[in-house]
2 protein chains.
Amino acid sequence: MLLSKSCEYGLRAALHLASVAPGTYVPIRDVSTALGIPYHFLAKIAQAMIQQKILASTRGPHGGVRLARAADQITLNAIVLALDGPAIFEECVLGLPGCGTQQPCPLHDQWAPARERVRAMFVETTLDELATRIQTQGFRLADLTSTP
Amino acid sequence: MLLSKSCEYGLRAALHLASVAPGTYVPIRDVSTALGIPYHFLAKIAQAMIQQKILASTRGPHGGVRLARAADQITLNAIVLALDGPAIFEECVLGLPGCGTQQPCPLHDQWAPARERVRAMFVETTLDELATRIQTQGFRLADLTSTP
DNA sequence: TTGATTTAAGATAAACGAGTCTTAAATTGA
DNA sequence: TCAATTTAAGACTCGTTTATCTTAAATCAA
Ligand code: SF4
Ligand code: SF4
C-alpha cells in the first residue's frame, strides 16, 4: 500500500468536501456516512488536517469541517505530506537508509524517475480538478458495492 | 512504504546472491551479516522464497541458499510477487475496492499509468542486470553508515 | 558413528497501524 | 439558562507486521 489508510481516508474526505458543498461546514459524521469511513477514525484524521491548515472547523449545531482554502489552492500533495509525511517520496525501494545520488543502490536509475512521476501526480493535481470530474463525470469516492 | 520489509530484505538477499557467488550455496547467516538483516527473520523469508522456487537450499556444512535459476532468468517482479503478492500493482491509490476501468475513481487517469511504470520497472529488471552494476560500479546493498 | 554445521518449522514477543470508546469543550437554538 | 449538537483530545483495543527464540531435521567430515 503506497499511502496509509489515514491518508487514503483524508484524501477521499477532502475530495468529498470539495465536490459536495464548497465553503460550507459539513459534519464529520456526514462525511463518514457518505464515504463509508469509520467515524471516530475519520474524526482523528480531520483533527490532524485541521492542525495542518488543510481543513477548518467549527463546533456545535451547524458545525463541521470545510476546506481551509479554495479547492484549486489545495494539491493532493499537501494532504499526503500532512498525513504521511515526505517519506514515500524520499525512500529507497530497497529500504536502504541515506537515499541520495551519493550512495545509490543499484535500482536508483529506474526507481528515482518512477518515484518522481508518482510525486508529480500528487503535486500537479488539485482538489478542484478532481471535484470537477466527480461532478461532471460521476467518478466514485466510495465503495459502491456495499449498502448504497 | 511501497514494499514490505520482508520483500525489501528478500530482494536485497537475492541481489547479494546474484552478485557475490552465482551458483554456490551461501549460508543465510553470511547473507544476514553482509546485509545487516536480522538472521532469523531472513531465514523465514528465505523459506518462502525456496517454496516459491526463487531460491534453492541444502543443509549441513557447506550448505546454504542459492538462486534456483540463472540470475538473468529471475526478474525483480518474480520476487515481489512471491513475497508481497500482486496487490501493489492492482490497488487503487485511494484504497477503493473494485479497481478497474468500469468503476474508476477520479484519480484513475493519472494513477494507472504511474502504477504501470513502477510495475514495468520490476518486470523488466533481472537480478543479473543489477548484479552486474553492483560488481562493476560498486552500488550498495547495505547500510554503509553502520559498522562497516 | 559422532559431532559440528546449517536449514526447517513453529512458538513467542514486540512494535506498529488501524479502529473503537469515553469524556471534555465549544456552539447553537429553544 | 438549558439541552442538543458537534469537534477536541486522548486512552484503549485489536490485528498485522516485524523480529526473536527454541527445537527438530538434514548434511557433511572426521
Ligand atoms: S539509490 Fe535510488 S533508490 Fe536507492 S536509495 Fe538512493 S535514491 Fe533511493
Ligand atoms: S480508478 Fe484507477 S486508481 Fe481508482 S481504483 Fe480503478 S484503477 Fe485504481
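Only the coordinates and a few stated rules stand behind these numbers; no lab work does. The structure displayed is predicted, hence computed values, not measured ones. Reconstructed Cβ throughout: ideal geometry from the backbone, glycine too, with neighbour counts over all protein chains shown.
What to note about this one:
- Subtracting the Cα-Cα distance of A:PHE41 and A:ARG69 from 0.36 nm times their residue separation leaves 7.8 nm of extension gain.
- Per-residue average of Cβ from other chains inside 10 Å of B:8-19: 2
- Chain B, relative contact order [Cα under 8 Å, separation at least 6], %: 30
- Note on B:VAL123/B:ARG29: beta-carbon distance plugged into 1/(1 + (r/R0)^6) with R0 of 22 Å gives a FRET efficiency of 0.10.
- Just checking the listed ones, B:GLN47, B:GLN102, B:GLN110: in the Gaussian network model of chain B with Cα springs under 10 Å, the one fluctuating most is B:GLN102.
- Ranked from shortest, the separations from the 7 Å Cα-to-Cβ label point of A:LEU144 to its equivalents in the other copies are 5.1 nm.
- Under 20 Å of direct C-alpha separation, and excluding same-chain neighbours fewer than eight residues apart, B:LYS44 reaches these lysines: B:LYS5, B:LYS53.
- Summed side-chain charge close to A:GLN73 - residues other than A:GLN73 whose Cβ falls under 13 Å, Lys, Arg +1, Asp, Glu -1: -1
- Where labels lie 7 Å past Cα in the beta-carbon direction, separation of A:ARG140 and A:SER6 in nm: 2.8
- Cα long-axis angle, helix B:39-51 against chain B (0 to 90 degrees, to the nearest 10): 70
- Label-point distances for A:ALA21 to the equivalent site in the other copies, using a point 7 angstrom along Cα→C-beta, read 6.9 nm when ranked shortest first.
- Point-to-point label distance, A:GLN52-B:ALA48, nm (Cα→Cβ direction, 7 Å offset): 2.9
- Summarising the label geometry, the points placed 7 Å from Cα in the beta-carbon direction at A:ASP109 and B:VAL20 lie 2.5 nm from one another.
- Label distances, nm, B:GLY36 versus same residue in remaining copies, Cβ-directed 7 Å point: 4.3
- Near A:ALA21: Cβ cut-off under 10 Å, other residues only, Lys/Arg at +1 and Asp/Glu at -1. The net charge is 0.
- For chain B, the dipole from Cβ point charges (+1 on Lys and Arg, -1 on Asp and Glu) about the Cα centre works out to 500 debye, to the nearest 20.
- Computed from Cα atoms, the angle from the helix B:5-20 axis to the main principal axis of chain B rounds to 50 degrees.
- Residue-averaged [θ]222 nm for chain B, counting only DSSP H segments that reach four residues, each worth -39500 (n - 2.57): -15500 deg cm²/dmol
- Residue-averaged beta-carbon neighbours from other chains (10 angstrom radius) around A:89-99: 6
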